[in-house]
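The values are calculated or read from the model by the stated rules, or taken from the named source; none is laboratory data. Treat the numbers as computed from the prediction; the structure is a model and nothing was measured. For neighbour counting, all protein chains shown are included, and Cβ atoms are generated from backbone atoms with ideal geometry for every residue, glycine included. Please note that ligands, DNA and RNA were not included when accessible areas were found on the heavy atoms of the full protein model with its side chains. Shrake-Rupley method; radii C 1.70, N 1.55, O 1.52, S 1.80 Å.
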Amino acid sequence: LAKTTQPISMDSYEGQEVNITCSHNNIATNDYITWYQQFPSQGPRFIIQGYKTKVTNEVASLFIPADRKSSTLSLPRVSLSDTAVYYCLVGLNQAGTALIFGKGTTLSVSS
Amino acid sequence: DSGVTQTPKHLITATGQRVTLRCSPRSGDLSVYWYQQSLDQGLQFLIQYYNGEERAKGNILERFSAQQFPDLHSELNLSSLELGDSALYFCASSPDSKYTGELFFGEGSRLTVL
């Protein structure tokens, strides 16, 4: 599985757009990019997944450049309830490998 | 509600003891994953089962073991407990053995070892 690098923390204010970038230089051809959100003392929750270009759902957008060596999770108009840890995962779980969550990015949203 | 059920939600025990954590996956999901989350280690992958068979192994200690039963529920057994085993233990499930999308996580079992 490709290793990912994300900022440890980010701060924002309510109503702002937040962009969290994840680097994955060793991404393989068949790898997908998936983002999870985790609130304190809760299990991670799937946000969005993409392979290339742009994916948008009701919660976020995911931008993936042509070389796929990075990706950016975009959260529009964040609120206090978006304060959480965001994880970027890259890869496919082949038999014998492990699904690795990195340290994630702790997003703090203030009023 | 993810559809994944974990019991117990909280557990307090002493060093040297043995505990069993239980996980019921979403209806129809064949894969179960166990993760450990402590303050200083983040979310650590322990082990994955698919339809009763072990599929992937992470940083699982020899004192820990898991299994998946014919009804697809899974149990994580932790023995000779140490203070450092205090953590949140999450179970997740997915439809098949390959991760191609979404993992569904339970609410976790918080283990405190005194």
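Annotations for the structure displayed:
- Only one of the listed residues (B:ASP1, B:ASP71) is free of Cβ contacts under 8 Å to residues at least 12 places away in the same chain, outside any strand (DSSP E or B), within 14 Å of chain A (Cβ to nearest Cβ) and open to solvent by 60 Å² or more (accessible area, probe 1.4 Å). That residue is B:ASP1.
- Top-ranked residue in region B:74-114 [being in contact (Cβ under 8 Å) with a residue 12 or more places away in the chain, open to solvent by 60 Å² or more (accessible area, probe 1.4 Å) and within 19 Å of B:SER24 (Cα to Cα); ranked as farthest from the other protein chains (Cβ to nearest Cβ)]: B:PRO95
- Inside region B:85-106, residues that are outside any strand (DSSP E or B) and at pLDDT 95 or above make up a count of 3.
- Residue in region A:30-46 that is at the interface with chain B (Cβ under 10 Å from one of its Cβ atoms), among the β-branched types (Val, Ile, Thr) and under 27 Å from B:GLN36 (Cβ atoms) present: yes
- Checked against (1) open to solvent by less than 60 Å² (accessible area, probe 1.4 Å); (2) within 14 Å of chain A (Cβ to nearest Cβ), B:ALA14 meets all criteria but (2).
- Residue in region A:78-88 that is buried (at least 16 other Cβ atoms within 10 Å of the Cβ) and part of a helix (DSSP H, G or I) present: yes
- Members of region A:24-39 found to be open to solvent by 50 Å² or more (accessible area, probe 1.4 Å) and either without any contact (Cβ under 8 Å) to a residue 12 or more places away in the chain or closer than 16 Å to A:SER71 by Cα (or both), listed by number: A:ASN25, A:ASN26, A:THR29, A:ASN30, A:TYR32
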